[in-house]
Amino acid sequence: MDKELEYLESRVQALIARIKELETQNGRFAQALAEALKENAELNFRVNETRNRVAALVERLPKADEPEQGAGEAE
């Protein structure tokens with residue numbers, strides 16, 4: 001009976017140690033996730049900002065049905 005109790009005690013201690021390891025690892029994963037989410041948000045902001053700038057530049061391009069300024073005037 002004593003051996004069984006010692007075995008169970010060692011197993012409980014091993015489980016407690018494993019739980020502590022997993023809690024530490026989980027904390028690291030949570031921190032890495034938070035950093036990745038922050039970086040993703042920043043990148044999305046930059047992509048949207050770039051998209052808006054490109055759209056503004058496209059709007060400034062002459063339309064296909066509009067004559068280009070200066071074209072044919074040198075002749």
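Listing for the model above:
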item: Label of the coordinate-derived value, percent of Cα pairs over 14 Å apart, listed as (1) 61; (2) 55; (3) 80; result: (3)
item: Principal-axis tilt of helix 2-60 within the chain, Cα atoms, nearest 10 degrees; result: 10
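We did not get these values from a lab; they are worked out from the coordinates using the rules stated. All values derive from a computational prediction rather than experimental measurement.
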